[in-house]
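Participant: Before I ask anything, here is the structure I am working with.
The values are calculated or read from the model by the stated rules, or taken from the named source; none is laboratory data. Quantities reported herein were computed from a predicted structural model and do not represent experimental measurements. Here the Cβ positions follow ideal geometry from the backbone for every residue, glycine too, while neighbour counts run over all protein chains shown.
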């Protein structure tokens, strides 16, 4: 646990990609480490959500691990497990820039104080701050939709956060639900050892070409519209489409495992079923396992005491700032919920906080 003051200018909640980028930028803007800002991280070690990715996820299978500001990511071979290389990179980053990360600290609530500050309450004590940057991401809030009969299913139901290896499903029939990158990658793995069925709410959108910065910028623009209106943001990756250039997608298409069915109507004790309509017969697929690759929600429950959510359950945003609360910024939320977007958002939040908290103070020479 890094030493720090319980009374600081800025508390950053989270030390994944978004939190580290923000910490680096706050130091560049002249905030002192430990007294000017501190990062509170819920993990036991560096790496954020990357510490919990399934072992078979390689660097070549990710959309892209974007460099953190000031230190490039020496990716190495595409076959390197992301669960090993990315946390090591984050740990090196924390050391190189002497970032004041305190862990493990699980933040329970953020409240306003009578004097206009924030009180950040955690399982390791309380911090007070003039401003808060929330950088908690989504990994701790897996989303599983509700369907009739779900509680009657006799097989296993799980989310990708619980997935470890395709071998655990050998000899079983697995229904994979979801239209994103995780669903297609896991389908590719699981279908090599057992039978699978792919189910999505909407037909998949296939995209030619790599997921590069231009594709990322287009996706960010689409999500920005949602958060400006206070709607719950969708995934940045979810609006880009599925790249046919990805090796596991090409292979899955060739083998026919990416032939999808529309979303089922109900779950039975031993499978999933579709009701017939318009003269079409119903359908039933036996299942031993339902893998809900259905995404995540933003981990922002600790901000509930501030009462800032819109009726659409999102935050109305102006850049990284929550509208109506200039000292609360969300990084890694909505349009910045990607490795491409988090770096820019962290730097934008740090600049805005310097203007808000230290107007007229000249920048340090390194900024």
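Participant: Which residues, taken from the range 130-152, are under 25 Å from the mean Cα position of the chain (by Cα) and not in a loop (DSSP other than H, G, I, E, B)?
Facilitator: Once the filter is applied, which keeps residues that are under 25 Å from the mean Cα position of the chain (by Cα) and not in a loop (DSSP other than H, G, I, E, B), the range 130-152 yields 131, 132, 133, 134, 142.
Participant: Could I ask something else about it? Within the range 329-344, identify whether any single residue is farther than 20 Å from residue 50 by Cα, surrounded by fewer than 24 Cβ atoms within 10 Å (Cβ to Cβ) and modelled with pLDDT of 90 or more, and answer yes or no.
Facilitator: Checked against the condition, which is being farther than 20 Å from residue 50 by Cα, surrounded by fewer than 24 Cβ atoms within 10 Å (Cβ to Cβ) and modelled with pLDDT of 90 or more, the range 329-344 yields no hits at all.
Participant: Take residue 355 and tell me if it is in contact (Cβ under 8 Å) with a residue 60 or more places away in the chain and either farther than 15 Å from residue 14 by Cβ or crowded, with 22+ Cβ neighbours inside 10 Å (or both).
Facilitator: Against the criterion (in contact (Cβ under 8 Å) with a residue 60 or more places away in the chain and either farther than 15 Å from residue 14 by Cβ or crowded, with 22+ Cβ neighbours inside 10 Å (or both)), residue 355 does not qualify.
Participant: Same structure, new question: Hey, any hits in the range 338-355 for a residue that's in a strand (DSSP E or B) and touching a strand residue (DSSP E or B) at 6+ places or on another chain (Cβ under 9 Å)?
Facilitator: no
Participant: Next question, about the same structure. Identify the single condition in (1) at pLDDT 90 or above; (2) assigned to a loop (DSSP other than H, G, I, E, B); (3) loosely packed, with under 15 Cβ neighbours inside 10 Å that residue 108 does not satisfy, given that it satisfies every other one.
Facilitator: (2)
Participant: So residue 306 fits all but one of (1) in contact with a helix residue (DSSP H, G or I) (Cβ under 7 Å, 6 or more places away or on another chain); (2) more than 21 Å from residue 18 (Cα to Cα); what number is the exception?
Facilitator: Looking at each condition in turn, residue 306 falls short on (1).
So that you can scan it fast, the table gives a plain yes or no per residue for (1) in a strand (DSSP E or B); (2) buried (at least 18 other Cβ atoms within 10 Å of the Cβ); (3) at pLDDT below 90; (4) under 19 Å from the mean Cα position of the chain (by Cα):
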position: 219; (1), (2), (3), (4): no, yes, yes, yes
position: 226; (1), (2), (3), (4): no, yes, yes, yes
position: 251; (1), (2), (3), (4): no, no, yes, no
position: 273; (1), (2), (3), (4): yes, no, no, no
position: 302; (1), (2), (3), (4): no, yes, no, yes
position: 310; (1), (2), (3), (4): no, no, yes, no
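Participant: Would you mind stating whether residue 91 is in a loop (DSSP other than H, G, I, E, B) and closer than 25 Å to residue 28 by Cα?
Facilitator: In short, no.
Participant: With modelled with pLDDT of 95 or more, under 23 Å from the mean Cα position of the chain (by Cα) and buried (at least 18 other Cβ atoms within 10 Å of the Cβ) as the only criterion, which of 86, 120 stands out?
Facilitator: Step by step, each of 86, 120 is checked, and only 120 is modelled with pLDDT of 95 or more, under 23 Å from the mean Cα position of the chain (by Cα) and buried (at least 18 other Cβ atoms within 10 Å of the Cβ).
Participant: Would a scan of the range 290-297 turn up a residue that is more than 19 Å from the chain's Cα centre (by Cα), within 30 Å of residue 187 (Cβ to Cβ) and at pLDDT 90 or above?
Facilitator: Yes, that holds for at least one residue.
Participant: Moving to a separate point now. Given the conditions (1) on the phi < 0 side of the Ramachandran plot; (2) in contact (Cβ under 8 Å) with a residue 40 or more places away in the chain; (3) in contact with a helix residue (DSSP H, G or I) (Cβ under 8 Å, 6 or more places away or on another chain), and given that residue 321 satisfies all but one, which numbered condition is not satisfied?
Facilitator: In the conditions (1) on the phi < 0 side of the Ramachandran plot; (2) in contact (Cβ under 8 Å) with a residue 40 or more places away in the chain; (3) in contact with a helix residue (DSSP H, G or I) (Cβ under 8 Å, 6 or more places away or on another chain), residue 321 misses (2) alone.
Participant: Next question. Looking at 160, 145, which one is exposed (fewer than 15 other Cβ atoms within 10 Å of the Cβ) and not assigned by TED's automatic domain parsing to the domain that holds residue 336?
Facilitator: The match here is 145.
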